[in-house]
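Shown next, in structure tokens, is the structure this report addresses.
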Amino acid sequence: MKLYTSLTSPFGRKCRMVAHVAGIANRVEVTEIDYKAEAYRKLNPLGKVPALARDDDTVLIDSPLISAYLASLGDEAAVYPENPEARWQALCLEALADGITDAGILIFMENKRREEHRSQGWIDAQASKINHGLDAIDAVAGEFGDSTQIGILAVAAAVGWLEFRSVVPDIRTNRPHLSAWLDRVATEDFMTATAPPPDA
Ligand SMILES: N[C@@H](CCC(=O)N[C@@H](CS)C(=O)NCC(=O)O)C(=O)O
């Protein structure tokens, strides 16, 4: 199957992390795509990455759905806790981390607009969502341990991308639990194998 993404996409990276943790990365052909290309709309009418073309050519879109599918093909329990309540908590953390990434992408895109069209109020509103979200994650990051559940992978992808693109400053400052966990997790296989290329 083919995962259409860019190698810098945080949502694509989350899916690649899932494939890695579930032990099926060798079945996923990561395929770089220009999400703006008209032809890509046939795969994802929304023009967003990632999209997953399965072996029967049917396509799945949206990273939570793609993640769930990929995990189902391998060691699902390493990504989605079997205990129902733990699973809801994991999915809620994924939603929080994905929301942070969405807000970061909105800032990234706004900053690409010509200065006279840019709205600082809009950027500040998105930055506030990111900072509140990161505070909430810091409050629970002390309990992350070496878990690879979906919420934690989503946090790794979100924060990795915020730092890679320098979307908001000082995200580790005053967030000791998140910072310590980021330091610890940096050398894990699922992080190193999915990192954006150095020249990106
Ligand atoms: N909810 C989607 C969001 C995907 C998304 O926003 N992807 C970004 C790149 S990381 C994108 O394709 N943006 C292009 C656009 O919105 O036009 C998911 O989780 O897959």
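Observations on the structure shown:
- Any pair with Cβ under 7 angstrom, 6 or more apart, that starts in the stretch 189-200 at a residue that is outside the structural domain of residue 8 (by TED's automatic domain parsing) and of a type in the set (A, V, I, L, M) and ends at one that is surrounded by 12 or more Cβ atoms within 10 Å (Cβ to Cβ) and assigned to a loop (DSSP other than H, G, I, E, B): 200/7; 200/8
- Those residues of the stretch 53-68 which are of a type outside the set (Gly, Ala, Ser) and part of a strand (DSSP E or B), in sequence order: 59, 60, 61
- Residue match in the stretch 28-39 (condition: more than 19 Å from residue 193 (Cα to Cα) and under 15 Å from the mean Cα position of the chain (by Cα)): no
- Residue match in the stretch 56-64 (condition: at pLDDT below 95 and among the acidic types (Asp, Glu)): yes
- Considering residues of the stretch 69-110 that are assigned to a helix (DSSP H, G or I) and aromatic (Phe, Trp, Tyr) only, the residue nearest to the ligand (Cβ to nearest atom): 108
- First in the stretch 86-105 and closer than 19 Å to residue 126 by Cα, second anywhere and among the aromatic types (Phe, Trp, Tyr), Cβ under 7 Å, 6 or more apart: 101/11; 101/161; 104/161
The values are calculated or read from the model by the stated rules, or taken from the named source; none is laboratory data. Nothing here was measured: the structure is a model prediction, and the numbers come from that model. Quick reminder, even Gly has a Cβ in these numbers, built from the backbone with ideal geometry, and neighbours come from all protein chains shown.
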